[in-house]
Amino acid sequence: MELTIWGQELVGWVAAAVLSQQGHNIYWVTEQTDADILSLLDSTTINEPQLKALVQEGSQSGNIGLISPQQALGNDRHLFALAANELLLAKSYVAQIAAFNDDNRVHIINMSHFGVGSSDDLQRQFPEQSASIVSYFAENMSEGEAISQFAAPSAITFGCHASWATEDFRALLGTLITPSTEFFEVTPREAELTKFAITGMLALRIGFINEMANLAEQLGADIDIIRRSMGADQRIGPHYLAPGCGFGGGNFSRSIRGLASLLERNQQSALLETVLEENEKQKELPFRRLWQYFDCNLKGRTIAIWGASFKPGSASIDGAPSIRCIDAIIAQGAHVQVHDPEALENVRSHYQYHPQVHATDNKLEALRNADALLLLTDWPEYLDVDHHIVKSELITPLIIDGRNMFDYQTMRESGIDYFGVGKTCAN
């Protein structure tokens, strides 16, 4: 099957990579048809694991190629992966496709996060009597795991008003849909709201467990015991109940903001807006503890940071707690030595080689002559380091763990001043 992709968002690149592996012919719409598909990907800020290799493989096999907008208009199957602020551009694309295909039936699969009702708006660019359809695929991909989640979906929510377009979508995904995959056939508006609702629920769970962790710490309780007990209740479950120094990620945060605006506009509800505000405060929690530990004076000190990406498995620093903490630390006249397995180039680019920000490829080198360690992303490789080595490298035996990776009892017995989230013990 053939699929034409418009836009530069992650969902489009992931769809292209995975579907080209299924043998489909993918045509990427660009004015730069004489360019290379990889240079087009490199021009974005997307740093998804496996993505570049799969796109390169698809290009080499001939399953992914470039096409001009004018050439793309005559195709009968399109996927929209545009940015949230590009709805007007999407409407113009649909209008052009509609004008070019008076007698042809066209299927446009919308994966852009424009908001509830936007797919219906796009549908109205076709004449009322047209057989062409705009559907909405409410993907549940998260950055860092997008390839595996698209390739093996546990559930699919597909919004469409025409059975032929639903069957066309099923045929496109082919073997990616298995007997165990739950397939929800709904309206485009319901699918769009479902996408918002899922991200909103995840944000609420994260926000709530962070609030409980902060409260548990004040009351002298261990949040790990509390969250395990909560997760054992079948009405609640254990997912997204790990306290930490806040969530980030561009797509996730933008979806939450979109739902927050929708709730405020239609329901006068500030529920999610409050979650977002509290999450920004949570991102600065490691810095505040560091600042207080050193009597509100960090000038001249050096702070080691392990983990810059907003989550393990991703190179993205978009909305990451590390940025809030680094900004606050260097504003106090201190230096930072940052390590991350994937995100260092993004850190260097973001800070333009700032004299107070040093990115290092070696996690132990980041500790040398540092006054403290802030752990902000729970990369598994940080668990492999002997805490005695960490202590010996630091000038002050201080670890502020924003992801609760280490065991606080072990840290205390080793003579380390250790601060977690929802469990604090300092010598």
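The values are calculated or read from the model by the stated rules, or taken from the named source; none is laboratory data. All of these numbers come straight from a predicted model, not from anything done at the bench. Here the Cβ is made from the backbone with ideal geometry for all residues, glycine too, and neighbour counts use every protein chain on show. These area figures cover heavy atoms from the full protein model, side chains too; ligands, DNA and RNA do not enter into them. Shrake-Rupley method; radii C 1.70, N 1.55, O 1.52, S 1.80 Å.
Brief remarks follow.
- Among the residues of segment 121-131, those that are open to solvent by 30 Å² or more (accessible area, probe 1.4 Å) and either assigned to a strand (DSSP E or B) or not basic (Lys, Arg) (or both) comprise Asp121, Gln123, Gln125, Pro127, Glu128, Gln129, Ser130, Ala131.
- The set of residues from segment 56-81 being open to solvent by less than 20 Å² (accessible area, probe 1.4 Å) and either within 24 Å of Glu167 (Cα to Cα) or free of Cβ contacts under 8 Å to residues at least 12 places away in the same chain (or both) comprises Ile64, Ala72, Leu73, His78, Leu79, Phe80, Ala81.
- Segment 408-423, subset among the hydroxyl-bearing types (Ser, Thr, Tyr) and open to solvent by 30 Å² or more (accessible area, probe 1.4 Å), residue farthest from Asp222 (Cα to Cα): Thr410
- Subset tally (residues that are more than 26 Å from Ser314 (Cβ to Cβ) and in contact (Cβ under 8 Å) with a residue 24 or more places away in the chain) for segment 388-416: 12
- Candidates Leu290, Leu262, filtered to the one that is part of a helix (DSSP H, G or I), in contact (Cβ under 8 Å) with a residue 60 or more places away in the chain, farther than 21 Å from Asn210 by Cα and open to solvent by less than 60 Å² (accessible area, probe 1.4 Å): Leu262
- Residue among Gly300, Gly313 that alone is more than 22 Å from Gln282 (Cα to Cα), part of a loop (DSSP other than H, G, I, E, B) and in contact (Cβ under 8 Å) with a residue 12 or more places away in the chain: Gly300
- Among strands (runs of 3 or more DSSP E) entirely within segment 350-405, having at least 1 residues that are among the charged types (D, E, K, R) singles out 398-401.
- Being farther than 15 Å from Ile303 by Cβ and either in contact with a strand residue (DSSP E or B) (Cβ under 9 Å, 6 or more places away or on another chain) or open to solvent by 60 Å² or more (accessible area, probe 1.4 Å) (or both) holds for only one residue in Asn346, Asn362, Asn369, and it is Asn362.
- Residue identified as farther than 30 Å from Ser112 by Cα and open to solvent by less than 50 Å² (accessible area, probe 1.4 Å) among Ile317, Ile256, Ile326: Ile326
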